[in-house]
Amino acid sequence: MTLMDKIKETAAFLQDKGISAPEFGLILGSGLGELAEEVENAIVVDYADIPNWGRSTVVGHAGKLVYGDLAGRKVLALQGRFHFYEGNPMEVVTFPVRVMKALGATGIIVTNAAGGIEFGPGSLMLISDHINLTGQHPLIGENLDEFGPRFPDMSDAYTGAYRARARKVAAELELELQEGVYLGVTGPSYETPAEIRAFRTLGASAVGMSTVPEVIVAAHSGLKVLGISAITNFAAGFQEELNHEEVVEVTQGIKENFKNFVKAVLAEL
Ligand code: HPA
């Protein structure tokens, strides 16, 4: 089956379940999936039941798709994403974004946990841009002309108009919101201190193991993007040691702010 056939098959499967017209896709990163529990009139589908869909194996990722109303918008939320480091091909990592587009979404909100280079643990960072250091590219292979051009423009991948609204909402909520560049790697190891020093020189504000592939595919297809990082730790070299438990724990502390912020922004997009 071609990628296009798979996208159509999965979109048709979800439409049959009543997932007809999402306005926004929501990709919820490590520990941030709880927001999907606030979706009203929810239709919930287990990843395991969805054709052509990947499997989520990371602690803190539930592996469910939730469709319904959030902050007055129709959203399709992913509780748990697919990472390249889990062994998923880039086609699988980015497949949900293709399906969101095929179902008619106009924008996506992509969230993640990230290590802070410019900002410390507990910060919320609006992603202004990214640096792809995964050594991979999700659009390699035949171009899907129905979605976008062979050589897509990435100048405004993190949609400026969305960021402006997000800043306004943060000010109204009196929430401190940082803004910076997300540098994407594959993981699964955390970085070395030398890598982090190099990334800082390159202009990175934060580093993480997701988001970049999904945003490239979103930008290719003309989906607008709002990216938010929850900074869970100082990146390597700025603190003694790094572990996933800390990432999940710090996320617990940020998540109330995070949920309120995302809902308030959604209402404004
Ligand atoms: N590095 C990469 N990914 C991460 C980190 C980090 O320090 N923290 C959370 N996700």
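The values are calculated or read from the model by the stated rules, or taken from the named source; none is laboratory data. Note that this is a predicted model, so its numbers are computed, not measured. Reconstructed Cβ throughout: ideal geometry from the backbone, glycine too, with neighbour counts over all protein chains shown. Ligands, DNA and RNA are excluded from the accessible area calculation, which covers all protein heavy atoms including side chains. Shrake-Rupley method; radii C 1.70, N 1.55, O 1.52, S 1.80 Å.
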- How much of the DSSP beta bridge set in the chain is antiparallel, as a percent to the nearest 5? 35
- Cα shape, region 34-165, gyration tensor, a/c 1.5 rule: rounded
- Message: Check which residues have an amide H placed less than 5 Å from SER128's amide H, if you skip close sequence neighbours.
- Response: GLY180, VAL181, TYR182
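Quick one: dipole size for the chain, taken about the Cα centre, charges +1 on Lys/Arg Cβ and -1 on Asp/Glu Cβ, in debye to the nearest 20.
Working: 21 positive and 34 negative charges, 110 e Å.
For the chain, the charge dipole is close to 520 debye.
Treating the beta-carbon of each Lys and Arg as +1 and of each Asp and Glu as -1, no other charges, what is the dipole magnitude of region 185-253 about its Cα centre, to the nearest 20 debye?
On the way: 3 positive and 8 negative charges, 92 e Å.
Computed about the Cα centre, the dipole is about 440 debye.
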- For LYS17, counting only aspartates and glutamates whose alpha-carbon sits under 19 Å away and dropping same-chain residues fewer than eight positions off, the answer is ASP5, GLU9, GLU37, GLU40, ASP46, ASP49, ASP69
- Item | Accessible solvent surface per residue of the chain, calculated while the other protein chains remain in place, 1.4 angstrom probe, Å² | 41
- Tell me, which longest segment in the chain has none of the GluC sites (Glu not before Pro) that fall in DSSP loops with at most 13 further Cβ atoms within 10 Å? 1-141
- So the carbon and sulfur contribution to the accessible area of region 79-189, 1.4 Å probe, in percent, is 50
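Rounded if a/c is under 1.5, else prolate if a/b is larger than b/c, else oblate: which is region 123-227, with a ≥ b ≥ c the root eigenvalues of its Cα gyration tensor?
Working: a/c = 2.51, a/b = 1.10, b/c = 2.28.
Oblate is the answer for region 123-227, as a/c is 1.5 or above yet b/c matches or exceeds a/b.
In deg cm²/dmol, rounded to 500, what helix-only [θ] at 222 nm does the chain give when every DSSP H run of at least 4 residues adds -39500 (n - 2.57) and the total is split over its residues?
Values: 6 runs with 84 residues, N = 269.
Here the helix-only value at 222 nm equals -10000 deg cm²/dmol.
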- Message: Could you tell me how far the Cα centroid of region 192-269 sits from the Cα centroid of region 17-75, in Å?
- Response: 19
